[in-house]
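The structure appears below as structure tokens.
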Amino acid sequence: MLEIRNLHAVIDGSEILKGLNLTVNAGEIHAIMGPNGSGKSTLAKVLAGHPTYKVTEGEVIYEGRNLLELAPDERAREGVFLAFQYPIEIPGVSNANFLRMAYNEKAKHDGREELDPLEFDDLLKEKMKIVEMDSSFINRSVNEGFSGGEKKRNEILQMAVLEPKLAVLDETDSGLDIDALRVVANGVSTLANKDNAVILVTHYQRLLNYIEPNFVHVLYKGQIVKSGGKELAMELESKGYDWIKPAGAKA
Amino acid sequence: MQQAATEKENYFSAYKLFVRTREGKDPAWLNELRSRAGSRFEALDFPTTRNEEWKYTNVAPILKVPFRQVFDLEPGAVKMAAIEPYTYAESRTSRMVFINGLYAPELSDLSGLPKEIVVTSLAEIPQESNDVARRHLGAYASYEEETFTALNTAVIGDGAFVHIPDGSMVEQSIHLLFVSTAKEPIASHPRVLIVAGKGSIASVIESYVSPGEDIYFNNAVTEVFADENAVLNHYRLQEESERAFHVATTRIHQKRDSNYTSYSISLGGEIVRHNLNAVLDDEHVETTIDGLYVVTGKQHVDNHTTIDHREPFCNSHQVYKGILDGRSRAIFNGKIFVREGAVKTDAHQLNKNLLLSGGATANTKPQLEIFADDVKCSHGATIGQLEDDELFYLASRGINPEMARALLTFGFAEDVISKIKLKSVRERLDRAVLDKLHQSLEIE
Ligand SMILES: Nc1ncnc2c1ncn2[C@@H]1O[C@H](COP(=O)(O)OP(=O)(O)O)[C@@H](O)[C@H]1O
Ligand SMILES: [Mg+2]
């Protein structure tokens, strides 16, 4: 589904990703862990197409196509979804309007039927159950005045509505209390299936108690320096990141 | 100077002519009011950009046009169908229509109003309302110092007079619809007096529209008096032709425990100036003064507001938002005075401007002048563009760039519009704002 080869990306002149490789297949859940500043959010935003990150080398193949050629909105309609580490507030735009618009854009693209407000309301109510969200959120402005946990739930709600093929969750677990963490984890587990793939960016292994990843990768200074199974996350938890050095770096 | 004199002469002779047409028709006090205002108008000059308060707004292009003044309405000149789009469901049977400043009874419908509510033309004040009108008309909008107000006051004729007696409640919104339409450039001087009696509850829509793209000049003055414990919602919607000139003054005077809310919306006009001044003249007054302006092309809109806290324990809230496109210009000048002794004042003011193009200019000057202790006051102003991170967030959900811009712009305006309590006004504004920016959104 996704193949990242030798990816280099810069922001404001400094190189953040320095030759990153990663392969993700349908039906897989990948966890990417790494210390603060290692480039996790950069990777997530490059995949989603944030304009301020420039790719200087390497390629990203998604469903057999060059992902980097597509505009951010095209990527989303093709099924790429990023749950933001810091979701943006959009005053004056209701969650319902925003989500319906996003849903219909994708539906149009996929050749499915668009939904009118009433039909969409039904769909939204179903999806809100997954994230245990109160119906009052439907008519509130997107993320405005939401607590940190509510914003994260709202990201998962969007994911539930849009049903992406490739979901990248950037520290959706950070700053959550146990309740919210459980809700978010349940949401992800419910939505993951054999036809889609999830990349969980996290820096605690806590989330992995709820969601079993197929692979765990360590991102360090802009490269994936170690990959393994769930046990790698445990090891990171007990030993920290210091024992890991970039591939090929001198000890 | 010579130039200015001839420009004024045009208006002054129209005033003289008007006075003759009204001979023997009005109460003595009204004739005297006009005559005092006429003398002041004769003595005053129109403001120039050398005047600090008019620094950014040059009225010379308005004065240059040889506008004709009309005092007679050609019957049947405007058909109901032409004004239908500007009417509101909430005021089907509580609507007063004015064509070029002149009352058009055949287009008006006041049948739904309770008998005790007075909604009439200022040219036909009923005997029992005479005292109320006399006491309040011209009492708040200063014709002593302000040239445009003096001119308006000197030619008070077919204005709107709304009197909600003490303890009355009006369910329908009272709509004062000012329509401008003319084959030749016309100047008119709409006048409104709203008196909300003790403990009364009402809402008034004051709207300025034009079905065509005519050149004309509206010099409007509105006075509002909210007596003790009155609740008044006032919607002022300026949707003029984009070639129109609109100079307006709104003066609000509030008594103890009254609650006044104003939404001042400015969409049309080539040169628009609105002075809004609220005096909180007693304790425990609540005042909300919100505004929205959307300008494109070469439009120029200048909002000057003053909120005058004269007594203790009063609250005022003000949010003005502006969206600017093309080569338009918007000015916001907002003063808040907290006078000596006005302790426990709570006053908050915010002005936010969204620039959609590099050619648009916004000037904003919030001013707080506090002469009392123990007050809570804040003010702020921003001028900015759509945020890249907001656009990216929407894009990441599959929303194309054009729609994303429309949605964010809509959201910016919605912050003000969504607070409006009348559904049909809200819906009309949602549509008008998007149309104006040539954007379309399928929003419910
Ligand atoms: N706008 C920016 N300009 C310059 N450097 C940035 C910018 N944004 C992020 N960085 C830097 O990029 C590096 C990686 O950041 P990020 O991808 O957010 O890391 P992580 O998500 O792993 O904590 C950090 O060193 C950070 O300081
Ligand atoms: Mg991060």
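The values are calculated or read from the model by the stated rules, or taken from the named source; none is laboratory data. Quantities reported herein were computed from a predicted structural model and do not represent experimental measurements. Here the Cβ positions follow ideal geometry from the backbone for every residue, glycine too, while neighbour counts run over all protein chains shown. Areas reflect the complete protein model, heavy atoms only, side chains present, ligands, DNA and RNA absent. Shrake-Rupley method; radii C 1.70, N 1.55, O 1.52, S 1.80 Å.
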>> For the condition more than 27 Å from A:Lys151 (Cα to Cα), touching a His at 6+ places or on another chain (Cβ under 6 Å) and free of Cβ contacts under 8 Å to residues at least 60 places away in the same chain, what is the one hit in A:Gly13, A:Gly58?
In response: A:Gly58
>> Taking the condition of being within 8 Å of ligand 1 (Cβ to nearest atom) and either assigned to a strand (DSSP E or B) or within 14 Å of chain B (Cβ to nearest Cβ) (or both), how many residues in region A:19-41 meet it?
In response: 1
> Are any of the residues in region B:341-358 within 14 Å of chain A (Cβ to nearest Cβ), in a loop (DSSP other than H, G, I, E, B) and at pLDDT 95 or above?
Replying inline: no
>> So A:Asp134 passes all but one of these: (1) open to solvent by less than 70 Å² (accessible area, probe 1.4 Å); (2) over 19 Å from A:Asn214 (Cα atoms). Which condition number does it fail?
In response: (1)
>> I'd like to know if region A:43-58 contains one or more residues that are away from chain B (no Cβ under 14 Å) and surrounded by 22 or more Cβ atoms within 10 Å (Cβ to Cβ).
In response: yes
> Can you name the helices (runs of 4 or more DSSP H) wholly within region B:15-123 that have at least 3 residues being at pLDDT 95 or above and of a type in the set (Lys, Arg)?
Replying inline: B:28-43
> In region A:78-97, which residue that is surrounded by 22 or more Cβ atoms within 10 Å (Cβ to Cβ) and assigned to a helix (DSSP H, G or I) is nearest to the other protein chains (Cβ to nearest Cβ)?
Replying inline: A:Asn97
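Of these, B:Val433, B:Val425, B:Val416, which one is open to solvent by less than 30 Å² (accessible area, probe 1.4 Å), more than 30 Å from A:Gly49 (Cβ to Cβ), outside any loop (DSSP other than H, G, I, E, B) and within 13 Å of another protein chain (Cβ to nearest Cβ)?
Numbers: B:Val433 fails: more than 30 Å from A:Gly49 (Cβ to Cβ); B:Val425 fails: within 13 Å of another protein chain (Cβ to nearest Cβ).
Just a single option satisfies the conditions, and that option is B:Val416.
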> Which residue, of B:Ile62, B:Ile83, is out of contact with any Pro (no Cβ under 6 Å at 6 or more places or on another chain), closer than 30 Å to B:Glu116 by Cα and among the aliphatic types (A, V, I, L, M)?
Replying inline: B:Ile83
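Against the condition open to solvent by less than 30 Å² (accessible area, probe 1.4 Å), at positive phi and within 7 Å of chain A (Cβ to nearest Cβ), how does B:Gly411 come out, does it pass?
Numbers: open to solvent by less than 30 Å² (accessible area, probe 1.4 Å): yes; at positive phi: no; within 7 Å of chain A (Cβ to nearest Cβ): yes.
The answer is no for B:Gly411.
Those residues that are part of a loop (DSSP other than H, G, I, E, B) and out of contact with any Gly (no Cβ under 9 Å at 6 or more places or on another chain), I need them from region A:148-171; list them, please. Steps first, answer last, please.
So the first thing to find is which residues in region A:148-171 are part of a loop (DSSP other than H, G, I, E, B), and the list is A:163-165, A:171.
Hit for region A:148-171 is A:Glu171, nothing else.
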> Any idea which of B:Ala77, B:Ala123, B:Ala81, B:Ala104 is touching a residue at least 12 places away in the same chain (Cβ under 8 Å), open to solvent by 40 Å² or more (accessible area, probe 1.4 Å) and small (Gly, Ala, Ser)?
Replying inline: B:Ala77
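This table checks each residue for (1) open to solvent by 20 Å² or more (accessible area, probe 1.4 Å); (2) under 24 Å from B:Val162 (Cβ atoms); (3) at pLDDT 95 or above.
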site	(1), (2), (3)
B:Val224	no, yes, yes
B:Asn229	yes, yes, yes
B:Leu237	no, yes, yes
B:Tyr260	no, yes, yes
B:Asn275	yes, yes, yes
B:Val295	no, no, yes
B:Thr305	no, yes, yes
B:Arg310	yes, no, yes
B:Phe313	yes, no, yes
> Is at least one residue of region A:190-201 surrounded by 15 or more Cβ atoms within 10 Å (Cβ to Cβ), within 16 Å of ligand 1 (Cβ to nearest atom) and either within 14 Å of chain B (Cβ to nearest Cβ) or among the aromatic types (Phe, Trp, Tyr) (or both)?
Replying inline: no
> Which of the residues spanning region B:4-34 are open to solvent by 60 Å² or more (accessible area, probe 1.4 Å) and small (Gly, Ala, Ser)?
Replying inline: B:Gly24, B:Ala28
